[in-house]
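Values in this text are rule-based calculations from the coordinates and carry no lab data. This is a predicted model, so every value here is computed, not measured. Note: ideal-geometry Cβ built from the backbone for every residue, glycine included; neighbour counts use all protein chains shown.
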Amino acid sequence: MLVEDRFMTAIQGGPAIGNQRFRSAVHAMLVAAGLRQPRRATNIPTHSLDSILAIIGSRADLCQMDIQRLECDVLEGAGKTLRDRAIHTLLIGTHGRTVHRKCAALLQDGGYRIEVDQPYPKDQPDGILVASAAA
């Protein structure tokens, strides 16, 4: 058992199943006490939809995304793609009513028709937006 897990078990009085914020605080305390090494950051290269479609050099039939509250950031960085309607259909898993509504507005402003608009579907935790390029 890891030191962090034993520490959390002692604090919580049970298995180490605390939330991520609590686990991060515990990790920071253990680093400060010299009992753990700091976590290293990982750089992950990213690309906008505009740059991906430029690399592909053609249109796309479908773009599906489920990116944990970053959906609006992707759409905001896809101005050319949306204006050119370079993706026929977008299927987006949204996270929260505000993100859902903002994504729908960005798609409509880009000339897309909202086909499915379910911020809180009954059978799954994410909202669902499906938008198609208007003819």
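The table below gives the values:
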item	result
Distant-in-sequence amide H partners of His88 (H built 1.01 Å from N, under 5 Å)	Ala60, Asp61, Leu62
³J(HN,Hα) computed for each position of region 76-84 - Karplus, 6.51 cos²θ - 1.76 cosθ + 1.60, integer Hz, glycine/proline x	5, x, 10, x, 5, 4, 5, 4, 7
Protection proxy ranking, peptides 115-121, 57-63, average beta carbon neighbours within 10 Å, highest first	115-121, 57-63
Assigned charges on the beta-carbon of Lys, Arg, Asp, Glu; region 49-133 dipole about Cα centre (debye)	180 debye
Two-decimal Rg to Rh for region 28-135 - Kirkwood Rh, Cα set	1.15
Region 86-135 - convex hull of alpha carbons, volume per residue in Å³	60 Å³
